[in-house]
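Report on the structure given below.
The values are calculated or read from the model by the stated rules, or taken from the named source; none is laboratory data. Values in this document were obtained by computation on a predicted structure and should not be read as measured data. Note that we place each Cβ from the backbone using ideal geometry, even for glycine, and neighbour counts take in every protein chain shown.
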Amino acid sequence: SQQGEEDPQALSIQEGENATMNCSYKTSINNLQWYRQNSGRGLVHLILIRSNEREKHSGRLRVTLDTSKKSSSLLITASRAADTASYFCATDARREGGSNYKLTFGKGTLLTVNP
Amino acid sequence: DSGVTQTPKHLITATGQRVTLRCSPRSGDLSVYWYQQSLDQGLQFLIQYYNGEERAKGNILERFSAQQFPDLHSELNLSSLELGDSALYFCASSPREPDTQYFGPGTRLTVL
């Protein structure tokens, strides 16, 4: 089953508006990452937030993490048409009974920013 | 450009065939990850190698296998292909684990 689940599945906004995407996960994590994917292309890393951090900023991106609720949100401010893409959260959790790590992706939020 | 290269970009083959996908990680990255992305299953982790050794396994079918060579490039072998194997296959690399993963452009496999 998916560790991270993004919400909403799709989001359509106008240029200049803010976009908020949420991610929920099930098990304890070491860190949570957000990636972006333009249609049919490879994923691009946006930001990583560690389990002991609550908020992180990078340019127009703001990520929050609430480990008590097992959830994270990605806010893109002043959106642009070029922000149109799918956004994925990925959790990096210690595997059961071992020290190996596995990055698990959600199914993504498709963001469309209309000019 | 992430620095991760994958070949080929596109692959069209028939059911029952075998193909090999190749990945070259970023210079200096020791970890290589393989993912399969399809419309119905989303992005699924297949397998990870670290400095030549298998480190973690995900939803990888027995018909699929992978290896990482001494020069750190990796190959994913898919055999007895089925229609449902049609997907985008991504390779990613990272300098250590856990860490940011850098994705290649992907190989689009179409099984007819």
Across the range A:50-87, the tally of residues that are modelled with pLDDT of 95 or more, not in a loop (DSSP other than H, G, I, E, B) and not polar (S, T, N, Q) stands at 16
Worksheet item: Are any of the residues in the range A:106-113 assigned to a loop (DSSP other than H, G, I, E, B) and of a type in the set (Val, Ile, Thr)?
Response: no
Is it the case that the range A:9-25 has a residue that's in contact (Cβ under 8 Å) with a residue 24 or more places away in the chain, assigned to a strand (DSSP E or B), in contact with a Phe, Trp or Tyr (Cβ under 9 Å, 6 or more places away or on another chain) and closer than 30 Å to B:Glu54 by Cα? yes
- Query: Looking at the range B:60-70, is at least one residue outside any strand (DSSP E or B), surrounded by 21 or more Cβ atoms within 10 Å (Cβ to Cβ) and of a type outside the set (Val, Ile, Thr)?
  - Reply: no
Being touching a Phe, Trp or Tyr at 6+ places or on another chain (Cβ under 7 Å) and away from chain B (no Cβ under 11 Å) narrows A:Leu111, A:Leu43 down to just A:Leu111
>> Condition (residue is surrounded by fewer than 13 Cβ atoms within 10 Å (Cβ to Cβ), at pLDDT below 95, over 16 Å from A:Thr109 (Cα atoms) and of a type outside the set (A, V, I, L, M)) applied to the range A:32-48: is it met by at least one residue?
In response: no
Result of the Cβ filter at 9 Å on the range B:36-60, keeping first residues that are over 19 Å from A:Ala90 (Cα atoms) and polar (S, T, N, Q) and partners that are assigned to a loop (DSSP other than H, G, I, E, B) and modelled with pLDDT of 90 or more, at least 6 apart or interchain, is B:Asn51/B:Leu30; B:Asn51/B:Leu72
Among B:Leu78, B:Leu39, the single one that is more than 9 Å from chain A (Cβ to nearest Cβ) and in contact with a helix residue (DSSP H, G or I) (Cβ under 7 Å, 6 or more places away or on another chain) is B:Leu78
Within the range B:2-36, of all residues that are within 14 Å of chain A (Cβ to nearest Cβ) and over 14 Å from the mean Cα position of the chain (by Cα), the one surrounded by the most Cβ atoms within 10 Å (Cβ to Cβ) is B:Asp29
Within the range B:90-100, the residues that are more than 11 Å from chain A (Cβ to nearest Cβ) and either modelled with pLDDT of 95 or more or in a strand (DSSP E or B) (or both) are B:Ser93
Picking from A:Glu15, A:Glu53, the residue that is charged (D, E, K, R), closer than 16 Å to A:Leu111 by Cα and surrounded by 12 or more Cβ atoms within 10 Å (Cβ to Cβ) would be A:Glu15
Only unsatisfied item for B:Ala56, checking (1) more than 10 Å from every other protein chain (Cβ to nearest Cβ); (2) part of a strand (DSSP E or B); (3) aliphatic (A, V, I, L, M), is (1)
